[in-house]
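Below is one structure, written out as structure tokens; the observations come after it.
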């Protein structure tokens, strides 16, 4: 195992930004741009909980950074850098660290989000990675989760359900629906589970046109309920037209062969798409701005005053779901 | 075990600052004050590595926050808030969490450093806590580790060695030196190990008068060598007069009864005092400002151009040390 100082000098310093002070101080130093607010997010990933211990180190690195980037994207914030605490178990060899750091550096560069500092420690068990990411948005213009109101339309970026299906493929590779899928579609789903695609390209479109937003991490339906509840308005609920929820060709094929996968698709989580609301008259501009930024958004419903959330077929029939969100294992 | 949502609502939301948005969004929002630079630090603490699993939850909470506050103090930065990732093992009961959160909230209030956000996850092994703390300093005025130069005096706040002796008391309670110490002095050392005292009160004194600084976490001698090396000046080394290093009555009594404890005191770490340098003509003002802020500093040596670091008795005799820093267990 490589020594801590060498790990930092050899693998982390090369991916550090100027604010990291060469990773030679205990701190990072960031000069706030004029007229911007600071947006901060922190997501921790734990081996066996948020990824498989035998996932490729490059995939673990990308997921750890990207789930944080996704939070910034949904707030309309532009990434500025990140700090990372890396808890390493005994027995990791240097090639693992090299691959992890190389992928992390690549992602940091491609998202203009350099490493600013952090800590490397011995893990008490498996590997864990805690990242704090920073971003900037125009002063007073962060897109909040709490600003949903009745009548606003609900939209979502990209496609829903791919990552959750990718996880099921990992857990049940011999399920009939899995065996029925062409290899290329299986590969798409597996990739979407391993490699979230944070929608940072949409940040400016959101800041300009969205009323409220959050990223979809625990499941579309449950997260839509959370967004409505965050408004603090009693009786505000999402009304989602399930047939309008955008699916990839792979998810569509899976659902066609096994209709009960609707639960996994709508409530499985790990999508890292942006769930957003907009006033009806802003929807065309929001859709156009998302498309122009390279990622289509789709209108899937609205926020309404009602007794309860509604998840409907095109004919108006309500579809029951056994749960609305992925249930993380929680200490018991 | 309490559910995650209830944990956040019941124990974390009450200690959150306004920037935390009630912990209802995925992010924290901070408005940068005019004319300030942002200072960020991240330290992770792991059960069995940085604290004992059976330490009181209140002590673990205080240590986790205070080691981060100490980094801000040494940079002359004023704390602004923190984000926390908490990885909880199975089997922790709610009373543990209640005690942890209450102490964390108390410390956050007394240091004007509110919780801004974070993440709670299941641990892959023992408890771990990763904190990112934010602070502000006047633009361009952060006290760096890299600005040490030949001729600058070395000073240190508070007293050195107490925490490392407190750790040895935990590990070897029946050592002759430990048994010889009065109960009140043992209690002092035990407390200094469990409860770092970050020197945030000194931030303005440092910003006004110090040339370079860092907090002492791994051992005074090793950290002094690191500070000199961070300058990038080949041949710049610390020259420390060991008899001038400030000791508490407890550390003095321990050293008197067991002179070989000098190694533990000077290189044991966990001091969380500030090691600072100042030009000779600024030393009186720095000393006075520290005293006025409620924590004396002491001149212990200087930075010199030399072949190697020197750790000397008053008569000029060099004292050999088997190591200059605490060696953290590192994955092997």
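The values are calculated or read from the model by the stated rules, or taken from the named source; none is laboratory data. Please read these numbers as outputs of a predicted model, since none were measured by experiment. Glycine gets a Cβ as well: all are built from the backbone with ideal geometry, and neighbour counts include every protein chain shown.
Is it true that some residue in the range B:56-73 is assigned to a loop (DSSP other than H, G, I, E, B), more than 20 Å from residue B:200 (Cα to Cα) and modelled with pLDDT of 95 or more?
yes
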Study note, to complete from the structure: All conditions in (1) surrounded by fewer than 20 Cβ atoms within 10 Å (Cβ to Cβ); (2) in a helix (DSSP H, G or I); (3) at pLDDT below 90 are true of residue A:13 except (3)
Revision key, fill the gap. Taking the range A:98-124 and keeping only residues that are in contact with a strand residue (DSSP E or B) (Cβ under 8 Å, 6 or more places away or on another chain) and closer than 20 Å to residue A:52 by Cβ, one is left with A:104, A:123, A:124
Exercise for review: Within the range B:284-293, identify whether any single residue is surrounded by fewer than 18 Cβ atoms within 10 Å (Cβ to Cβ), on the phi < 0 side of the Ramachandran plot and in contact (Cβ under 8 Å) with a residue 40 or more places away in the chain, and answer yes or no.
Suggested key: yes
Exercise for review: Return a yes/no flag: does the range B:79-89 have any residue that is in contact with a strand residue (DSSP E or B) (Cβ under 7 Å, 6 or more places away or on another chain) and either farther than 28 Å from residue A:217 by Cα or assigned to a helix (DSSP H, G or I) (or both).
Suggested key: yes
Review point. Is the range A:44-54 home to any residue that is buried (at least 24 other Cβ atoms within 10 Å of the Cβ), touching a residue at least 40 places away in the same chain (Cβ under 8 Å) and assigned to a helix (DSSP H, G or I)?
Key: no
Check your understanding: Hey, does the range B:223-232 have a residue that's surrounded by fewer than 17 Cβ atoms within 10 Å (Cβ to Cβ) and out of contact with any strand residue (DSSP E or B) (no Cβ under 7 Å at 6 or more places or on another chain)?
Key -> yes
Check your understanding: Do we find a residue being more than 17 Å from residue B:58 (Cα to Cα) and at pLDDT 90 or above anywhere in the range B:98-109?
Key -> no
Review point. Pick from the range A:7-33 the residues that are within 11 Å of another protein chain (Cβ to nearest Cβ) and under 17 Å from residue B:232 (Cα atoms): which of them is nearest to the chain's Cα centre (by Cα)?
Key: A:20
Check your understanding: What about residue A:303, is it within 23 Å of residue A:209 (Cβ to Cβ), more than 20 Å from the chain's Cα centre (by Cα), buried (at least 18 other Cβ atoms within 10 Å of the Cβ) and at pLDDT 95 or above?
Key -> yes
**Study point:** Condition met for residue B:23 (surrounded by fewer than 22 Cβ atoms within 10 Å (Cβ to Cβ), in contact with a strand residue (DSSP E or B) (Cβ under 9 Å, 6 or more places away or on another chain) and modelled with pLDDT under 95)
**Key:** yes
**Study point:** Any chance residue A:121 is in a loop (DSSP other than H, G, I, E, B), within 16 Å of residue B:87 (Cβ to Cβ), facing chain B (nearest Cβ under 7 Å) and at pLDDT below 95
**Key:** no
Revision key, fill the gap. Here the residues within the range B:96-118 that are closer than 19 Å to residue B:5 by Cβ and either without any contact (Cβ under 8 Å) to a residue 40 or more places away in the chain or within 12 Å of chain A (Cβ to nearest Cβ) (or both) are B:96, B:97, B:115, B:116, B:117, B:118
Review point. Within the range A:137-156, how many residues are crowded, with 21+ Cβ neighbours inside 10 Å, more than 8 Å from every other protein chain (Cβ to nearest Cβ) and under 16 Å from residue A:73 (Cα atoms)?
Key: 4
Exercise for review: Determine which member of the set A:65, A:92, A:83 is surrounded by 23 or more Cβ atoms within 10 Å (Cβ to Cβ) and within 13 Å of chain B (Cβ to nearest Cβ).
Suggested key: A:83
Review point. Looking at the range A:163-176, is at least one residue buried (at least 19 other Cβ atoms within 10 Å of the Cβ), within 14 Å of the chain's Cα centre (by Cα) and in the same structural domain as residue A:220 (by TED's automatic domain parsing)?
Key: yes
Review point. Here are some residues: A:198, A:238, A:182. Which one is surrounded by 24 or more Cβ atoms within 10 Å (Cβ to Cβ) and either without any contact (Cβ under 8 Å) to a residue 40 or more places away in the chain or over 20 Å from the mean Cα position of the chain (by Cα) (or both)?
Key: A:238
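Tally up the residues in the range A:34-52 that are at negative phi and at the interface with chain B (Cβ under 7 Å from one of its Cβ atoms), please.
Qualifying residue count for the region: 11.
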Practice item. Restricting attention to the range B:27-37, report how many residues are buried (at least 20 other Cβ atoms within 10 Å of the Cβ) and touching a residue at least 12 places away in the same chain (Cβ under 8 Å). Key: 5
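For the range B:99-118, give me each residue that is within 29 Å of residue A:67 (Cα to Cα) and either part of a helix (DSSP H, G or I) or not assigned by TED's automatic domain parsing to the domain that holds residue B:40 (or both).
B:100, B:101, B:104, B:105, B:108
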